[in-house]
1. Among the residues of the stretch 78-122, which ones are β-branched (Val, Ile, Thr) and either closer than 15 Å to ILE300 by Cβ or in contact with an Asp or Glu (Cβ under 7 Å, 6 or more places away or on another chain) (or both)?
2. Select from the stretch 536-560 the residues that are within 23 Å of PHE499 (Cβ to Cβ) and at pLDDT below 85 and list them in ascending order.
3. Among the listed residues GLY8, GLY32, GLY67, GLY19, which satisfies the condition of being open to solvent by 20 Å² or more (accessible area, probe 1.4 Å) and over 30 Å from LEU380 (Cα atoms)?
4. In the stretch 73-84, is there at least one residue being part of a helix (DSSP H, G or I), over 10 Å from the mean Cα position of the chain (by Cα) and over 25 Å from PRO432 (Cα atoms)?
5. For THR207, are the conditions met, namely being closer than 25 Å to ARG6 by Cα and modelled with pLDDT of 80 or more?
6. Are there any helices (runs of 4 or more DSSP H) wholly within the stretch 425-491 with 2 or more residues that are within 30 Å of VAL110 (Cβ to Cβ) and not charged (D, E, K, R), and if so which?
Amino acid sequence: MNKRTRSGLAIIQVAVVLGILGDVLLRQTPWGLNVLLFNLAFAASLFLLLRRHAPERLTAQTYALLGAQVFFASMFVWRDATELRIADTFAIITILGVMFLPTLKIPARVAGVFQYVIGVLWAGINAFFATGVLLGSDISWNDLQIDGRKKYFVSVARGVLIAAPLILIFGALFMAADAVYDGWVRTTLNVDLTTLFSHGIMFTLFTWLTAGYFRGALFAGVAAAPETSLSILQPAASARSESKVDRFRAESGEYPVVLPDGKTVVEHINTTDEHAAGELQSEASEAAGPKQPAWSWANIDNSIVPGFTLGPVEVGVILGLVNLLFISFVIFQVPYLFGGMEMVQNTPDFKLAEYARRGFGELVTVAALVLPMLLVSHWLLKKESSAAIKLFRVLAGIQIALLFVIMASAVQRLVLLTGNLGYGMTTVRLYPMIFMIWLAIVFVWFAATVLRGARQHFAWGALWSAFLILGATHILNPDAFIVKTNIALMQQGRDFDAFYNSSLSDDAIPVLLENLSLMSLDDRCEVGSGLHYRYRQLGKSFDVRSYNRSSGNAYRLLVANDPMLHQTDGCDESFKNDKPATSPPE
């Protein structure tokens, strides 16, 4: 049994275990502890497989990415906000893709954004299709030594696997054709075929995807068989004539040599004169010209799009016009930025609400679009044109400076939207603001790397800055922060949207209960009714696989406050005067 077969069998065994875990754990929603447990098992399995079968791929970057995967999986246990769960899911998918870059001969630390996208796509392709290659090509089934009872067991298992789908199909048809037979089968087997089928589908899906991913992580970029080393002198004949070359060397000392024009000559060289052989090879190599480097994903550049590269004229026109547009906008924003809120409010025919609502989302979109525009423009620069590179650095630096002014304008609009003159904090205002903070960090990093000729370090730093911001967002606890902000505005006389705030995730429940007595009677009624409904739902849906720290803490608080929340309509005098419990019972 060769090494590749042993590795393939190990992948199948691990994938079957993870398939069972995936079906048992992840079929339960909402996700919580089950996501952490599955990712721990996945990361540990990948680590053990790499350590045993491909230790050269266990680098510092691999350890860091595996740690980040487990970290973001653990956030499913800590926070309950839907937006954070979506962000954590994307982070895990990105990490799985970046870990695939070594299989494309690309070091993750110096890869570009484009290579990161390719890594995610390549990981997905392997997950969906590489299992077929693993079963059909990588594993040499004929080399497996199976005899005695093992051979009998394998034959039985093969027969069962072939017969199983036939039995299910024909059995389902018979059950559909006769109600009595259908009842007898259900009574005899006492199983829910729908549930059994769903278990089978989930097990198969997780096993297949895991095996494909692991196969790609171990085998992708590795030849199925070791390559045959070539002689110093290139033989003129095909591989079938190697014995003739050997005879030339052993007997006559004559060596066939391929010249650049394709003709073959035979040179007589003393077999003991290694220096002469080296000179002959050097002359042949010089005549053939410089060797072209092999194409790879790691070396991809703008040569794949000939005719679309940018010289100094194109750079000046494109970035120059865009900068002029940015300058025209900034000219209108500077008075509002330095004039304060009084300038905004005292401008004739200028509605504060329109200024704030209309501008924030659009300016965040502008900031998000500038980054890919600059990255693509830099990638398309003519490498041999130093003028184009210098002009790009100047114009891109000006554009980043203008962009920071525009981002400051966006922040001002957010302050208006969420301040004492605005409409309060919401998720659609907070998360874009967090995203823009990350963009500000990325643009600084862009200037420090790309504009200084170190583009290869940009993507790795941008990726980890995103991980850092996402981790800090979990610490912030966005939903609780939103409720705290809105309650502070309520105490300053602003309206409190009780329905919206009480519909946020379980992360916000402790803050709502703590400040319930500060709300108006109508708001307390709205919040109390919503929380009482949440209490009933949490009690019904509890499962240890879905355990989440925020949900568990919220449930305990709701249990402690349920007598108060359960008042008739939630609006009588006793409800008005009751004080909520601010900590869960011991």
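The values are calculated or read from the model by the stated rules, or taken from the named source; none is laboratory data. Model, not experiment: these values are computed from the prediction. So basically every Cβ, Gly included, is an ideal-geometry build from the backbone, and we count neighbours across all protein chains shown. These accessible areas exclude ligands, DNA and RNA; they are computed on the full protein's heavy atoms, side chains included. Shrake-Rupley method; radii C 1.70, N 1.55, O 1.52, S 1.80 Å.
1. ILE106, VAL110, VAL113, VAL117, ILE118
2. Answer for the stretch 536-560, where residues must be within 23 Å of PHE499 (Cβ to Cβ) and at pLDDT below 85: ARG536, GLN537, LEU538, GLY539, LYS540, SER541.
3. Result of the check over GLY8, GLY32, GLY67, GLY19: GLY67.
4. Checked against the condition, which is being part of a helix (DSSP H, G or I), over 10 Å from the mean Cα position of the chain (by Cα) and over 25 Å from PRO432 (Cα atoms), the stretch 73-84 yields no hits at all.
5. Criteria met by THR207.
6. So the answer is 427-449, 458-476.
Residue by residue, here is whether (1) without any contact (Cβ under 8 Å) to a residue 40 or more places away in the chain; (2) of a type in the set (Phe, Trp, Tyr) holds:
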{"position": "MET436", "(1), (2)": "no, no"}
{"position": "LEU439", "(1), (2)": "no, no"}
{"position": "VAL442", "(1), (2)": "no, no"}
{"position": "TRP445", "(1), (2)": "yes, yes"}
{"position": "THR449", "(1), (2)": "yes, no"}
{"position": "ALA459", "(1), (2)": "no, no"}
{"position": "ALA472", "(1), (2)": "yes, no"}
{"position": "ASP479", "(1), (2)": "no, no"}
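Conditions tested, residue by residue: (1) within 23 Å of VAL415 (Cα to Cα); (2) modelled with pLDDT under 95; (3) under 23 Å from the mean Cα position of the chain (by Cα).
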{"site": "LEU468", "(1), (2), (3)": "no, no, yes"}
{"site": "ALA472", "(1), (2), (3)": "yes, no, yes"}
{"site": "ASN477", "(1), (2), (3)": "yes, no, yes"}
{"site": "ASP495", "(1), (2), (3)": "yes, yes, no"}
{"site": "SER520", "(1), (2), (3)": "no, yes, no"}
{"site": "ARG534", "(1), (2), (3)": "no, yes, no"}
